1. Which lysines have a Cα lying under 19 Å from the Cα of K130, excluding residues fewer than 8 positions away in the same chain?
2. Before anything else, pin down the relative contact order of the chain: Cα pairs under 8 Å, at least 6 apart, normalised by residue count, whole percent.
3. May I ask for the net charge around K311, where only other residues with Cβ less than 12 Å from the Cβ of K311 are counted and Lys, Arg are +1 while Asp, Glu are -1?
4. Between K25 and T153, with labels modelled 7 Å along Cα→Cβ, what's the label distance in nm to one decimal, could you check?
5. Report the dimensions of the chain along its three principal axes from the alpha-carbon atoms, largest first, rounded to Å.
6. Just name one of M103, G310, N144: the one whose Cα is farthest towards the positive end of the charge dipole of the chain (beta-carbon charges, Lys/Arg +1, Asp/Glu -1).
7. Compute the length gained on full extension between E214 and S280: take 0.36 nm times their separation in residues and subtract their Cα-Cα distance, giving the result in nm to one decimal.
8. Hey, any idea what Rg/Rh is for the range 230-336, computing Rh the Kirkwood way over Cα pairs?
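The values are calculated or read from the model by the stated rules, or taken from the named source; none is laboratory data. It should be emphasised that the depicted structure is a prediction, and the values quoted were computed from it without experimental measurement. Cβ sites come from the backbone with ideal geometry, for glycine too, and all protein chains shown count toward neighbours. The accessibility values were calculated without ligands, DNA or RNA, using every heavy atom of the protein model including side chains. Shrake-Rupley method; radii C 1.70, N 1.55, O 1.52, S 1.80 Å.
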Amino acid sequence: MYTSKVTGLGSYVPENVVTNDDLSKVMDTNDAWIQERTGIKERRHIKKGDGNSTSVMGVKAAKIALERAELTKDDIDLIIFATLSPDMYFPGGGVRVQDMMDMGTVPALDVRNQCSGFVYALSVADQFIKTGMYKNVLIIGSENHSGGLDMTTRGRGVSVIFGDGAGAMVLSRNEKEDGSGVLSTHLHSEGAHAKELSLEGPSTDHWVPEIIAENDQENIPYYPYMNGQFVFKNAVVRFSEVINEGLQKNNLTPLDINMLIPHQANLRISQFVQKQFKLSDDKVYNNIQRYGNTTAASIPIALTEAWEEGKIKEGDLVVLAAFGSGFTWGSAIIKW
């Protein structure tokens with residue numbers, strides 16, 4: 001069995017910054033209300049006509065990751081694309097990236113596990129590399145939330161949280177037998193709570209505001225719904241469980257963690273988990289304050305920034321953990 005290691009990271013967020021004060025102009029909210037409940041100060045939103053889409057942002061992040069991995073598009077054996085907001089219902093974002101990057105007939109796989117999507121995608125990539133089927137896998141998490149949010153007071157409980165952006169990782173076969181790389185991944189789901197964080201209706205190319213305008217509907221299932229308190233209570237439990245599961249699998253303790261990258265769902269959740277594991281501030285990376293919740297993109301964006309800032313070094317134990325709609329949750333234990 002082979003092992004896999006991270007060889008390249010990249011991220012991209014739209015230039016358009018949307019602050020809490022900006023949101024207060026279109027809904028009954030304010031900066032203090034949003035920060036108290038979520039920790040978010042601002043987020044990035046695609047602007048109509050700026051050329052961005054879920055797949056386009058994914059390509060921008062992927063090109064950076066490939067360059068840092070010192071690989072070309074022709075070295076990639078598989079694309080795994082994680083998102084809840086594809087450019088269209090089908091086909092998925094993976095084949096769009098394959099086409100935009102002119103990657104021949106490389107296979108493309110889409111993962112639809114929302115906030116846990118990147119951890120699920122990483123786990124799938126790790127298995128392909130472990131078995132020897134593929135050597136280099138491009139993993140992308142990308143989201144275009146902004147066009148489909150209810151930007152009125154009615155939707156403020158959800159709409160203030162989410163932002164747009166993309167992150168990418170190149171996962172490659174580890175040619176060294178030095179104990180580095182992905183040590184283990186751990187995945188779970190509980191579909192009994194699927195409707196507590198869900199969206200029952202449409203595509204990012206023809207999104208909710210246009211559909212409402214055309215059909216004059218008020219009670220519609222096209223906007224995301226979230227039972228915030230219920231999600232929070234489940235998240236803090238599952239985060240802790242799945243991190244502990246990964247540590248125990250590898251005979252490690254919280255004292256061994258050099259960097260925890262949690263899914264950026266809510267700063268209060270991250271702070272709760274940090275306190276449970278008694279981790280100092282320099283061992284947990286949060287950027288939700290600047291980007292909001294970018295769902296499948298949040299972990300790769302945060303991981304990329306932490307690495308760029310020199311907060312992750314060779315030999316460090318890095319833990320990724322996520323919880324989200326489904327409910328689904330997972331963790332990855334990585335020796336850098």
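1. The reachable lysines, counting only those whose Cα sits under 19 Å from K130, are K5, K176, K249, K335.
2. Numbers: 811 pairs, mean separation 86.8, N = 336.
Contact order relative to length: 26 percent.
3. With Lys, Arg at +1 and Asp, Glu at -1, the net is -4.
4. Between K25 and T153, the simple spin-label model gives 1.9 nm.
5. Sorted largest first, the three principal extents are 61, 48, 37 Å.
6. Farthest towards the positive end: G310.
7. Details: separation 66, 0.36 × 66 = 23.76 nm, distance 5.15 nm.
Answer, rounded to one decimal: 18.6 nm.
8. Values: Rg = 12.6 Å, Rh = 13.7 Å.
Ratio value, two decimals: 0.92.
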